[in-house]
Amino acid sequence: MKRGTFGELIRSRRRKLDKSLQEVANRLGVPVAYVSEVELGKRPPFREDKLNKLAEVLELDTRELLLLAWKNKKMISFDTGELSEAEKNVLTSFARGGISAERIARIQEVLDEE
């Protein structure tokens with residue numbers, strides 16, 4: 001995936017696929033102005049539910065898009081309702097900075113195997 005800001009990626013990809021702002025907005029169920037402002041960096045990236053749909057619309061990898069959104073707005077928000085207690089504990093530990101760099105590296109190794 002091309003790096004840069006979240007908005008730059010969205011605009012570039014939308015144009016590459018020859019999709020209009022209106023088309024993307026309609027698919028996401030948001031106003032055209034909102035999509036435009038996200039592309040211009042005037043608004044933060046979309047929430048997770050919209051990111052999943054955006055990834056589908058722009059034929060992008062959802063995980064990479066989520067990571068780029070996080071890097072741009074410095075936070076991730078999502079529904080933890082379907083997560084197990086173990087998954088919630090891991091996320092809480094990450095949020096509190098309670099996981100050592102060594103453990104994070106081990107987690108990344110496991111993720112890379114998938």
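Laid out as a table, the results:
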{"quantity": "Reachable lysines, given that their alpha-carbon falls under 17 Å from the alpha-carbon of K71 and they are not under 8 places away in the same chain", "calculated": "K2, K42, K50"}
{"quantity": "Prolate/oblate/rounded call for the stretch 6-73, Cα gyration tensor, a/c under 1.5 rounded", "calculated": "rounded"}
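We did not get these values from a lab; they are worked out from the coordinates using the rules stated. The structure displayed is predicted, hence computed values, not measured ones.
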